[in-house]
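This report concerns only the one structure given below.
The values are calculated or read from the model by the stated rules, or taken from the named source; none is laboratory data. Being a predicted model, the structure only gives us computed values, none of them experimental. Counting neighbours? That spans all protein chains shown, and the Cβs are built from the backbone with ideal geometry, glycine included.
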Amino acid sequence: MTAAQYRALMASRRGGQTVPAAAAVVKKKTAPKKPPPDPGPPSIPPSPAVEPLLAGLSGVGRTWTLLMPYAEQMLTSNQRPHYLAEAARKKRLRADATSLIAPHRLPRLQRAAIFYVLHPRPINRKRDPGNWAPTAKAYVDGLVTPDPHRPREHHLLPDDDHEHLLGPNPVMGSPVTTGFARMSLVIVELCEPLTSGNV
């Protein structure tokens with residue numbers, strides 16, 4: 001049945017009233033989605049300034065700055081991926097963080113503050129580094145619990161609870177020149193128990 005035949009049928013049922021053409025169901029053709037532009041090769045952002053981060057802390061010891069391995073897909077709080085895809089990304093991010101323990105000779109600490117520094121893509125728009133908290137959480141999990149099959153064995157900290165970890169806190173860093181966004185972790189050893197006086 002064509003659209004004209006359908007309108008005629010409906011008009012006869014309504015006693016001669018015609019159905020406007022706009023009321024006819026028209027299937028819109030959707031244009032195929034264009035692939036996103038290639039961001040280019042990964043780039044290395046400048047190391048974040050550590051001194052401003054230490055200004056609000058007390059009992060500061062050693063510090064480490066880790067540029068996390070390049071990841072084309074990080075986790076953000078604005079995404080709603082399928083739970084299997086999200087689990088696969090978390091697993092990869094955790095493994096990326098675990099792979100840095102030996103090369104950087106990260107010791108076992110009793111307490112630490114962690115800042116995650118977002119190096120965004122060079123796009124002129126507002127950024128909220130707090131949206132990348134799920135990625136930072138996966139990285140911290142990989143440093144604290146390197147083997148997810150042995151959750152009681154910890155490395156960087158005895159646990160990532162409020163008694164041992166301050167943060168991770170978001171910081172905006174310098175943007176990358178090409179490629180996708182990167183993230184750095186700044187780990188600060190704290191020599192005093194975590195209280196409200198530490199910040």
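Quick look at the values:
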| item | result |
| --- | --- |
| Flag for THR195 being β-branched (Val, Ile, Thr) and within 30 Å of ARG125 (Cβ to Cβ) | no |
| Residues being over 15 Å from the mean Cα position of the chain (by Cα) and either of a type outside the set (A, V, I, L, M) or over 26 Å from LEU57 (Cβ atoms) (or both) - total across region 96-115 | 10 |
| Number of the exception - TYR83 against (1) modelled with pLDDT of 90 or more; (2) assigned by TED's automatic domain parsing to the domain that holds VAL186 | (1) |
| Candidate set from region 107-139 (those that are surrounded by 23 or more Cβ atoms within 10 Å (Cβ to Cβ) and out of contact with any Leu (no Cβ under 7 Å at 6 or more places or on another chain)); member that is farthest from GLY167 (Cα to Cα) | HIS119 |
| Residue in region 48-56 that is touching a Phe, Trp or Tyr at 6+ places or on another chain (Cβ under 6 Å) and closer than 21 Å to TRP132 by Cβ present | yes |
| Criterion: in a loop (DSSP other than H, G, I, E, B), under 18 Å from LEU54 (Cβ atoms) and not aromatic (Phe, Trp, Tyr) - qualifying residue of LEU194, LEU166, LEU157 | LEU194 |
| Checklist (1) buried (at least 16 other Cβ atoms within 10 Å of the Cβ); (2) in a loop (DSSP other than H, G, I, E, B); (3) assigned by TED's automatic domain parsing to the domain that holds GLY173 applied to ASP96, failing item | (2) |
| Looking only at region 169-191, and only at residues there that are among the small types (Gly, Ala, Ser) and in a loop (DSSP other than H, G, I, E, B), the one that is surrounded by the fewest Cβ atoms within 10 Å (Cβ to Cβ) | SER174 |
| Positions within region 109-157 being in contact with a His (Cβ under 6 Å, 6 or more places away or on another chain) and either hydrophobic (A, V, I, L, M, F, W, C) or at pLDDT 95 or above (or both), in sequence order | ARG111, VAL144, LEU157 |
| Counted residues, region 41-82 - those being closer than 22 Å to ASP96 by Cβ and in a strand (DSSP E or B) | 5 |
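A quick yes/no check of all residues on (1) within 26 Å of PRO37 (Cβ to Cβ); (2) of a type outside the set (A, V, I, L, M, F, W, C); (3) touching a strand residue (DSSP E or B) at 6+ places or on another chain (Cβ under 8 Å):
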| position | (1), (2), (3) |
| --- | --- |
| ARG108 | no, yes, no |
| ARG111 | no, yes, yes |
| LEU118 | yes, no, yes |
| LYS137 | no, yes, yes |
| THR145 | no, yes, no |
| HIS154 | no, yes, no |
| PRO158 | no, yes, no |
